[in-house]
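A short write-up of the structure that comes next.
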């Protein structure tokens with residue numbers, strides 16, 4: 001596992017894969033199947049894995065958190081950068097900070113808390129978590145105006161944040177007043193696009209973001225990594241050709257549920273058996289599963305060409 005301190009250059013070396021978490025029929029974390037998935041992702045040249053929403057860490061039990069970290073350390077390649085997540089509640093963040101403090105993970109992401117939070121309250125929580133962890137945290141923004149840009153800038157200036165994952169959805173990614181306000185006070189090379197392949201080109205080309213996170217990279221890592229490399233080389237036509245291959249799957253994720261669809265898609269692909277989703281989520285209905293199976297089949301066939 002990669003354990004050197006965070007540097008912004010890491011954000012452009014690889015797509016940040018956001019994998020699901022395999023569990024067995026008793027809902028215990030399944031190391032063998034998670035290893036299969038990680039090996040598959042690494043085989044496509046992807047060397048950064050972020051375990052967060054797709055892994056359903058919103059609902060992980062504190063009693064199994066240490067075991068999760070143990071497993072991630074065992075299954076990652078020597079050069080693979082693993083980023084675990086914490087939260088989303090403040091109390092859970094601080095308990096998880098104590099567990100992470102003795103580990104070699106260079107950073108950890110704080111899952112967003114919607115509703116019962118304020119911008120300055122979030123900033124204070126990030127500071128306290130980073131102090132307890134002893135390392136900077138990843139701030140994850142999914143909602144418009146989740147944090148005031150000046151509060152975000154203050155966190156970066158104080159060394160409390162490694163990078164920011166920006167995942168606010170827009171009808172057209174190139175028109176984003178909130179992101180414009182953020183990059184006015186934060187270096188865009190410390191921000192990654194956080195909604196998969198679909199807005200990545202516009203976010204990197206138009207706003208100068210450093211890279212992107214993706215879920216479908218778990219199915220076809222080589223394609224997604226090639227897309228990142230094309231964007232960084234300013235070959236936007238080639239990048240767009242790759243992006244189109246993901247549209248069908250991403251539309252299904254948007255229309256049904258991003259986490260549930262990806263979890264099922266990895267199993268249907270034959271890459272690894274993700275098993276059941278832990279509550280409070282549930283598996284797909286038969287009709288939706290059939291639609292996902294067809295999309296997976298088309299994507300994997302294209303990947304094999």
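The fewest-to-most ranking of 236, 105, 175, 133 by surrounding Cβ atoms within 10 Å reads 175, 236, 105, 133.
Across every pair of different alpha-carbon atoms, what Kirkwood hydrodynamic radius in Å does segment 139-267 reach? Intermediate results must be reported in sequence, preceding the final value.
Numbers: mean 1/r = 0.0657 Å⁻¹.
It works out to 15.2 Å.
Here is how the number arises for the chain: DSSP H runs of 4 or more residues each give -39500 (n - 2.57), the sum is divided by the residue count, and the result at 222 nm is -13500 deg cm²/dmol. Each 5 Å bin from zero up to the one holding the largest Cα-Cα distance in segment 12-112 carries the following percent of pairs: 2, 12, 26, 26, 20, 10, 3, 0.
In whole Å and largest first, what semi-axes does the C-alpha gyration tensor of the chain yield when each eigenvalue is scaled by 5 and square-rooted?
Details: eigenvalues 146, 113, 66 Å².
They are 27, 24, 18 Å, listed from largest to smallest.
Taking max minus min of the alpha-carbon positions on each principal axis, segment 232-305 gives extents of 43, 23, 20 Å, largest first.
Using the number of other C-beta atoms within 10 angstrom as an exposure proxy, rank 285, 64 with the fewest first.
Working: 285 11, 64 14.
Exposure proxy ranking, most exposed first: 285, 64.
Spatial offset of segment 80-103 relative to segment 228-288 amounts to 26 Å, using the alpha carbon center of each. Of all DSSP bridge pairs formed entirely within segment 8-304, close to 5 percent run antiparallel.
No lab work stands behind these numbers, since they all come straight from the coordinates. Here the structure is a predicted model, which means the values were calculated and not measured. Glycine gets a Cβ as well: all are built from the backbone with ideal geometry, and neighbour counts include every protein chain shown.
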